[in-house]
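Below is one structure, written out as structure tokens; comments come after it.
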Amino acid sequence: MAYHVHLCSSHPSLFHDRHTLSSTPKPRPTITIRSTAPRSFQSKSSLHLNHVSLQDSVTDNTPKPSPSRHPDGQTGSSSKSYVWVNPRSPRASRLRKLSYDSSLGDDVLEQDAVVVLNNMSNPHTALLALNHFQRILKKTSRKVILYNVTLKVFRKSKDLVGAEKLFEEMILKGVTPDNVTFSTLISCARVCALPAKAVEWFEKMPSFGCDPDDVTYSAMIDAYGRAGNVDMAFNLYDRARTERWRIDPITFSTLIKIYGISGNYDGCLTVYEEMKALGAKPNLVIYNTLLDAMGRAKRPWQAKIIYKEMTTNGFSPNFATYAALLRAYGRARYSGDALNIYKEMKEKGLKLTVILYNTLLAVCADFGYVDEAVEIFQDMKNSRTCKPDSWTFSSLITTYSCSGKVSEAEGIVKEMSEAGFQPDLFVLTSLIQCYGKAQRTEDVVRTFNQVFELGLTPDDRFCGCLLNVMTQTPREELGKLTDCMEKANPKLGHVVKLLLEEDDSEGNFKSKASELLNYIGSDVKKAYSLTALHVWINDLTKVVESGEELPSLLGINTGHGKHKYSEKGLATVLESHLKELNAPFHEAPDKFGWFLTTKVAAKSWLESRSSPDLVAV
């Protein structure tokens with residue numbers, strides 16, 4: 001006689017966590033018996049049952065079986081029928097014994113409990129099931145096994161608090177945790193993004209007599225790195241390389257990130273190469289982490305190599321990829337590459353963040369890309385996801401100022417104020433540069449006074465900009481700016497006065513200039529190069545007037561800046577200024593940053609200089 005009987009009572013709800021548990025009394029239950037056997041074989045002695053379920057109640061519209069019908073309830077016109085059986089009747093008891101689920105009654109094996117718990121996803125239901133199994137199991141190999149399987153349910157749900165409470169229950173009941181217990185708690189902490197907790201559980205292992213295995217050690221490289229214990233992470237990684245532990249991609253990504261944050265960018269590349277040597281395949285997260293590190297290192301050429309390798313290996317760039325590339329190219333001032341990435345992101349419909357927009361605008365400001373800056377700024381305002389901040393307005397004002405577009409720069413300043421942002425020292429420095437280019441001395445003075453009205457303190461960059469403006473100012477208006485310079489930086493103001501008076505009978509200029517250069521920051525010393533240029537030109541003039549011989553070749557070195565807006569050099573600014581002075585110096589094609597001339601050309605030019613429109617300061 002073949003039977004398949006399924007009884008769904010209150011107990012099976014413990015085993016299937018998609019059901020809920022309740023201790024509330026239920027209405028009178030019934031048993032449903034469903035038969036699929038052919039009618040000719042259906043009899044009391046050969047009943048084929050394939051479904052028996054215990055339900056809370058029967059709805060009013062459910063048809064009741066008629067005594068005249070077959071015991072299984074099937075009629076001649078129906079392929080399936082049901083018989084409602086009282087679960088308290090002897091017949092129901094016999095059917096339960098024949099049911100598959102009867103094995104999950106009071107005679108459950110440990111492996112059955114493990115299978116049931118392992119397939120659950122609701123930790124609250126899992127706890128009820130665990131308690132049920134602990135109550136009915138007659139024999140267990142190790143009590144910790146059921147706890148470990150239940151802990152994995154908490155890990156699935158990312159519930160570290162619940163997992164820790166269950167661990168406390170284990171200890172209170174005298175159950176000794178094992179390696180699986182701790183590895184599950186550690187991995188639970190990791191998926192919950194709580195690396196410090198992972199470290200805490202890892203360091204508890206020895207006190208319970210547990211020795212971590214290679215997998216746990218490898219996971220702890222990531223945990224220690226994320227928790228900020230870099231030395232421990234590196235020590236474990238050294239062991240991993242020596243003992244050839246299996247390391248997952250997440251851990252490699254963390255190692256690369258650690259090296260990047262610490263500034264060891266070669267270490268990032270070393271880990272990447274070691275990863276490939278071990279046969280581990282980089283994933284998109286690894287590539288993005290590397291690209292970000294190369295951006296921090298200002299190594300855009302290496303970012304290009306990594307990006308090419310990534311696409312060759314079949315990975316498509318996502319937002320994080322493009323963002324890392326944009327930051328890398330922006331920091332290194334790879335203007336063309338940065339703008340190309342921007343266009344590609346727009347074509348793919350990717351939304352930029354405020355930081356990425358500002359990175360692009362900063363590039364435009366450095367290179368004087370006015371049209372591109374206006375387009376990016378307008379795109380930012382139209383995005384509806386990003387609002388311009390103070391950095392946004394500052395970069396756009398700088399772009400206009402470097403190009404001498406006064407009205408446009410003033411318009412952005414007004415828009416900035418309407419947006420609730422007050423001009424800072426950076427913005428006011430750009431405006432002074434803009435007004436200086438337009439030789440609007442009164443506006444330079446007005447902006448200078450605004451600095452003090454806002455309670456700001458002029459820095460070296462501000463003073464360097466003011467000094468640059470003085471080199472473009474007619475002699476009759478220099479007195480106004482000299483007063484500003486003395487107020488902003490008395491030491492620099494004193495040096496400027498010595499230059500203007502052109503009377504250094506006491507030999508104070510060199511000592512005062514040396515004192516000034518020792519006082520200012522190294523990042524702005526080159527901003528004073530035009531002043532140094534004019535001092536040098538005056539000295540050359542005196543040499544020629546005294547009848548002394550000049551060297552056969554004269555040169556000016558400006559450093560390695562690529563453009564006039566770069567913080568690293570003033571090559572283009574100097575070139576433009578030399579043309580204004582009609583000086584015979586020309587940029588050397590094989591020596592970037594050098595401007596050279598011959599003795600004959602220099603002497604002829606120095607002798608021809610008379611009554612210059614621009615004062616030599």
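In table form, for the structure just shown:
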| read-out | value |
| --- | --- |
| Estimated FRET transfer efficiency when R0 is 45 angstrom, pair Ser121-Ile355 (beta carbons, to 0.05) | 0.75 |
| In Å², nearest 10: area of Ser430 left accessible to a 1.4 Å probe | 10 |
| Centre separation in Å (Cα based) which lies between the stretch 136-204 and the stretch 416-468 | 62 |
| P(r), alpha carbons of the stretch 248-350 - 10 Å bins starting at zero, rounded % | 16, 50, 28, 6 |
| Where Ser262, Ser383 fall by accessible area, highest first, once all protein chains stay in place (1.4 Å) | Ser262, Ser383 |
| Relative contact order (percent, whole number), the stretch 248-350, Cα cutoff 8 Å, 6+ residue spacing | 23 |
| Semi-axes of the equivalent ellipsoid for the stretch 141-257, Cα gyration tensor, largest first, Å | 25, 15, 12 |
| Pairwise label distance in nanometres, Lys276 with Val600, each label 7 Å out on the Cα-Cβ vector | 5.7 |
| Gain upon complete extension [Lys579, Gln111; 0.36 nm per residue less C-alpha separation] | 159.5 nm |
| Distance (nanometres) between label positions extended 7 Å along Cα→Cβ at Val230 and Arg475 | 5.8 |
| Rh by Kirkwood over Cα pairs, then Stokes-Einstein D for the stretch 351-445 at 1.002 mPa s and 20 °C, µm²/s | 163 |
| Listed residue pairs exceeding 29 Å between alpha carbons, taken from Lys405/Lys579; Lys143/Lys197; Lys158/Lys381; Lys276/Lys343; Lys298/Lys579 | Lys158/Lys381; Lys276/Lys343; Lys298/Lys579 |
| Electrostatic dipole magnitude of the stretch 248-350 [Cβ: Lys, Arg +1; Asp, Glu -1; Cα centre; debye, to 20] | 380 |
| Sequence-distant residues sharing a close amide H with Val85 (under 5 Å, placed H) | Ile31, Thr32, Ile33 |
| Pairwise label distance in nanometres, Leu454 with Leu553, each label 7 Å out on the Cα-Cβ vector | 4.7 |
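The values are calculated or read from the model by the stated rules, or taken from the named source; none is laboratory data. Computed from a prediction, not measured in an experiment: that's the story for all the values here. Quick reminder, even Gly has a Cβ in these numbers, built from the backbone with ideal geometry, and neighbours come from all protein chains shown. Just the protein is used for accessible areas: all its heavy atoms, side chains included, with ligands, DNA and RNA removed. Shrake-Rupley method; radii C 1.70, N 1.55, O 1.52, S 1.80 Å.
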